[in-house]
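Worksheet: the structure to be examined is printed underneath.
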Amino acid sequence: MEKLYEEQPYIKEFDAKVLTCQPGKNDLYLIALDRTGFYPEGGGQPFDTGILRQNRDKGEAGQGSESTLLEGQRPESTLADVRVVEVHEKDGQILHYTDGELAPGTWVHGVIDWERRRRHMEHHTGEHIYSGLVHRHFGYDNVGFHMGQDMVTIDFNGILTMEQAMELEEEANSLVRANIPVEAWYPSSEELHNLDYRSKKELTGPVRIVRISGGDICACCGTHVKYTGEVGIIKITGLKKYKSGVRLDMLCGDRALRDYQKKQDQVMRISNLLSAKQGETAKAVEKLKSESAALKQQIGQLYQQIFTLRCSKLPEREGPLLVFEEELPPAQLRQFCILLCQEKKGSPVLACSGRDTEYYYVLGSMGESVELYTKKLNGLLHGKGSGKGLMAQGMIAADREEIEKVWHEELWR
Ligand SMILES: [Zn+2]
């Protein structure tokens, strides 16, 4: 079985012959070909997808059926394309997981979904450049590599700061601009012995080496672009601590451009909303946040004044007190309840705010725990909420009349 993608990573279409076809799980068939351009999953690079078209122009299987077709007549379903949905290498054999069956001996024309593969090649090459630089400057290894459709993550076994990651990004992009050839070959065992290369695991069998002069030398089975310039751009979009090292998010080529476009759109909208220059939006948000915090504090003080005034009009008492407030936010309702307790206007105090059959409540006391009353209150008024010690809060699904009835009569039985 010939791996066409190794020597010709740009091969988009190829002819091959079906060797075996076996039914697999989920109504898929497992097809082995004598040669393939489809890359199987491996080395962090996802598999290719595409189609296998039955080729009527080639081989014995097709010749007979071609002549029996009349003009304008479409080939029957026996000549339908099958879709390659996954490709995996098992025991040295590359298996194409397809949605249809093909008879052994059939000639097929394989067509690879090129956008998907091109992105994988760009991201994979970008990863080589960056990992090679991290290895050279810091001695860290790439210990995990995941390539999705829209994002690449790389794990290193050492700590990088954002500043260091950005310096490496700068250097990686200068290697992209230098448009250096990306070489891949199987060296002789002697040559391999003398090469100092990165490898992600203990390797068995022939070792394929990928080299970017001045950037990286690494054992790899994947597909890469021919020149680093094709990567377009390497952009680090995230960095976080991961295990004993860091996990980096990286984007290359048109994925990086899409990301830039999305973020540019956000920055423009934020800039317009805040009437701030695009490069100064963070500063403008900081200002807005501190203004908002000052306003909140001011509102809190105003509420405190209102509550103090309201409180002063109530007589001191020892028994339970129920108060209703119109549309008061939970934090302020709590503030009011605490004040009523402190000023000895009742104990326990139930403060409610809401309308119809939905009330938010705060239950407070100056001396005894309100835990038992909270449970009873919730039980009698279809409430939800909890609290320990001197303060509890929650929601009640009952109207004002029912709350009053429970508070004045049933709760104390
Ligand atoms: Zn590679």
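A short reminder: the numbers here are calculations on the coordinates, not readings from a lab. The model shown is predicted, which means the values in this text are computed figures rather than measured ones. Every residue, glycine as well, gets a Cβ built from its backbone with ideal geometry; the counts of neighbours run over all protein chains shown.
Measuring between alpha carbons in the structure, the pairs from K241/K384; K287/K313; K235/K296; K25/K262; K345/K384; K3/K226 lying more than 29 angstrom apart are K241/K384; K287/K313; K235/K296; K25/K262.
Taking every alpha carbon pair in the stretch 246-336, what does the distance histogram look like in 5 angstrom bins from 0, in percent? Binned Cα distances yield the sequence 3, 10, 12, 12, 10, 9, 9, 8, 7, 7, 6, 4, 3, 1, 0. Convex hull volume of the Cα atoms of the stretch 314-412, normalised per residue: 85 Å³.
Annotation for the stretch 137-240: GluC sites (Glu not before Pro) lying in DSSP loop with at most 10 further Cβ atoms inside 10 Å of their Cβ are E202. Cross-link partners for K405 among the lysines, with Cα-Cα distance under 18 Å and sequence neighbours closer than 8 places in the same chain left out: K375, K376. For the chain, averaging the sequence separation of C-alpha pairs within contact (under 8 Å, six or more residues apart) and dividing by the residue count gives a relative contact order of 10 percent.
Residues in the stretch 96-113 carry Karplus couplings, in order, of 9, 8, 10, 8, x, 9, 10, 6, x, x, 5, 8, 10, 10, x, 10, 8, 5 Hz; the curve used is 6.51 cos²θ - 1.76 cosθ + 1.60 with θ = phi - 60°, and Gly or Pro positions show x.
Per residue of the chain, the DSSP helices (runs of n ≥ 4 H) give a summed -39500 (n - 2.57) that works out to -11500 deg cm²/dmol at 222 nm. Globularity index of the chain is 1.60 (Cα radius of gyration / 2.2 N^0.38 Å, N = number of residues). Inter-part distance, the stretch 121-170 to the stretch 222-265, computed on C-alpha centroids, equals 9 Å. Taking the centroid of alpha carbons for each part, the stretch 381-413 and the stretch 289-351 are 18 Å apart.
Taking K235, K226, K388 in turn, the Gaussian network model of the chain (Cα-Cα springs below 10 Å) assigns the largest fluctuation to K388. Over the stretch 314-412, Cα pairs under 8 Å with separation of 6+ residues give a relative contact order of 24 percent.
Screening the chain for whole DSSP H helices with an alpha carbon extent of at least 24 angstrom along the helix axis and a mean Kyte-Doolittle hydropathy of at least -1.0 yields 281-312.
Report the Rg/Rh value for the stretch 118-261, based on alpha-carbon coordinates and the Kirkwood definition of Rh. Working shown, then result.
Working: Rg = 14.5 Å, Rh = 15.3 Å.
In the stretch 118-261, Rg relative to Rh is 0.95.
By the rule of a C-alpha distance below 20 Å, with chain neighbours fewer than 8 residues away ignored, the lysines paired with K243 are K200, K201. Annotation: lysines with alpha-carbon distance below 19 angstrom to K283 (same-chain offsets under eight excluded): K263.
Taken along its three principal axes, the alpha carbon spread of the stretch 365-413 comes to 27, 20, 14 Å, from the longest extent down to the shortest.
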